[in-house]
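Peer 1: My questions all concern the structure below.
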Amino acid sequence: MSANQKVAIVTGGGTGIGKKSALALVEHGYSVVITGRRLEPLKGAKYEAGKAGSRILTVQTDVGDPKAVKALFRKTKETFGRVDVVFNNAGYGGPRIPLEDLTFEDWISVMNVNLTGVFLCTQEAFKLMKTQTPMGGRIINNGSISACNFEASVMVSD
């Protein structure tokens with residue numbers, strides 16, 4: 001890696017906004033670590049980058065798992081020596097069922113990806129960014145518009 005090479009981590013990088021963001025970062029000269037729970041979409045994103053895919057590292061990661069997130073940042077440091085941008089993009093909406101039918105396990109799964117994952121990745125990013133030269137970096141947290149569009153109506157009968 002050259003002294004000017006920037007490094008980014010994109011969670012949820014195998015599909016959608018994450019994939020498009022990772023490909024844009026690579027196009028602008030970044031080395032990019034893309035993560036996700038499913039390896040096949042990560043491989044597809046790397047393939048889609050063509051020759052620039054040589055600057056993409058795919059790391060299958062469940063961002064809700066502290067050990068997996070620590071391993072992700074360890075692998076990033078071993079491979080590229082630093083991280084300049086972390087794009088917390090992984091998200092999960094859970095099953096499309098009525099709230100009263102949502103299991104506690106499904107609830108925890110959603111919280112682990114959408115909240116715990118952001119916390120864990122941000123925490124590890126801080127640790128690495130504080131030790132590198134130059135120190136610092138950027139952390140971007142992506143959220144869903146559905147977080148702002150929640151309406152609940154309950155019918156109560158006597």
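Bear in mind these aren't lab numbers, they're just calculated from the coordinates by the rules spelled out. This is a predicted model, so every value here is computed, not measured. Don't worry about glycine lacking a Cβ; one is built from the backbone with ideal geometry, like all the others, and counts go over all protein chains shown.
Peer 1: So for each of 62-71, 101-110 I average, over its residues, the number of other beta carbons within 10 Å; can you give me the resulting order with the highest mean first?
Peer 2: 62-71, 101-110
Peer 1: Is the C-alpha gyration tensor of the stretch 50-111 telling us rounded, prolate or oblate? Criteria: a/c under 1.5 is rounded; beyond that, a/b larger than b/c is prolate, otherwise oblate.
Peer 2: It comes out prolate by the Cα gyration axes.
Peer 1: Which whole-percent values make up P(r) of the stretch 1-71 when all C-alpha to C-alpha distances are grouped in 5 Å steps starting at zero?
Peer 2: 4, 20, 31, 22, 14, 8, 1
Peer 1: A further question on this structure: Given a cut-off of under 8 Å on Cα pairs at least six residues apart, what relative contact order in percent is computed for the chain?
Peer 2: 22 percent
Peer 1: If you only keep lysine pairs separated by 8 or more in sequence, or across chains, how many in the chain come under 15 Å at the Cα atoms?
Peer 2: Final tally of qualifying lysine pairs is 12.
Peer 1: Of the labelled options (i) 33, 17, 13; (ii) 28, 18, 16; (iii) 26, 17, 14, which one gives semi-axes √(5λ) of the Cα gyration tensor in Å as computed for this structure?
Peer 2: Only one listed value fits the structure, namely (i).
Peer 1: Then there is this: Helix-only mean residue ellipticity at 222 nm, the chain, DSSP H runs n ≥ 4 weighted -39,500 (n - 2.57), per residue, nearest 500. What is it?
Peer 2: It lands at -12000 deg cm²/dmol.
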